[in-house]
Amino acid sequence: MGINSVEPSDAELVRRVRTGDTGAYGALVSRYRDRLGRYAVHMIGDREDAEEALQDSFVRAYRSLARCDDPARFGAWLYGILVNRCRTTGARAARRRRTFVHDAQALDLAAHADQADRLDWTDAVDRALARLAPDYREAFLLKHVQDLEYEEIAELTGAGVSALKMRVKRAREQLQKYLREAEHV
Amino acid sequence: MFEREDETVERVIQHLRRPVAIDPGLDARVMREIAQAPPNGRRVKLWPLLAAAAVLATVLVVRPWIWNAATTVDTLQFVLVAPQAASVALVGDFNDWDPARSPMQTAHGVWATVVRLAPGRYRYAFLVNGVEWRADPSAPAAKDDEFGTPSSVVTVGGRGS
């Protein structure tokens, strides 16, 4: 015996927000912050810029909730806003020095004896990712890190599926190349 | 000796999939910011939803006058010919896409409203009958719209609109 806790759906939370329950939006923010935050951090490469982009995307989505035609797909709609926001930020950030984020798990690993190797690997991956063209990085992250289907990515980015597959393929090849180069530095 | 490509990329993917620590204060900042402005949907819902009619849209964005030659603020009149519409609102970056802030007035099916805008580039659209988003067919389409509905662009500040 027990009580089953059922999380309200996105559609239900959007409905509540639209009828004045601002707190329901907090549930949506909690639901998506980590998933979208990971994308923003890896896409932009700078934690502060990424969090600013994420915050701005949540606020813009809230203020434009009337434009979310299908509340059941709020997440996909929000992704689209963040992807665009990251493009804008990325264009600016590309001109600045990138500072890389070591996540909590990586910081935990730093306590271990093999910390140098681990952090070297983290740094190498971040640098390789930063060297990718933004549209390659975007496609690679959405496909392999955010685990979206190509059709979903096409909807978010406006690119065709075949173009996206090409971008992901090139991204994989280039990551391999850049990491090989890093091994020889 | 190198790892095979798939192994290296797979290792990268697993690395990138690990959780990233986001500032726990972000939620509070979002909620504090949105508390200052209710969502548009809340107001839109209260609007009467009348049967959609074919709308003949001829839109003119005119700049009939400038309040003061010394100021850089322009006054723009947005006009939509929509004889069968029950309501039309102008929404855009300049009013947080809030239909309540720029409702358009009608005379014989010609809907109009006047907005004062500082120099800049703005995206906008018309919300017809509270549900139908329409871009301005006589203005450039916004290429960078992230909301998935049609919108247009107007530039204020002497470089054309």
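Cβ-to-Cβ counts within 10 Å put A:Phe74, B:Phe126 in ascending order as A:Phe74, B:Phe126, the fewest first. Close amide H contacts of B:Met104 (hydrogens built in the peptide plane, cut-off under 5 Å, sequence separation of 5 or more or a different chain): B:Val88, B:Ala89, B:Leu90. Exposure proxy shown here: for A:Lys143, B:Lys143, the number of other Cβ atoms within 10 Å sets the order, fewest to most, as B:Lys143, A:Lys143. The phi-based Karplus calculation (6.51 cos²θ - 1.76 cosθ + 1.60; θ = phi - 60°) puts the 3J(HN,Hα) values of segment A:156-171 at 6, 9, x, 8, x, 4, 5, 5, 5, 5, 5, 4, 5, 4, 5, 4 Hz, whole numbers, x for Gly and Pro. As a proxy for reagent exposure, ranking B:Ile13, A:Ile153, A:Ile44, B:Ile34 by other Cβ atoms within 10 Å from fewest up yields B:Ile13, B:Ile34, A:Ile153, A:Ile44.
Computed from the coordinates by the stated procedures, all read-outs in this text should not be read as laboratory data. What you are looking at is a predicted structure, and each value in this text was computed from that prediction instead of being measured. Counting neighbours? That spans all protein chains shown, and the Cβs are built from the backbone with ideal geometry, glycine included.
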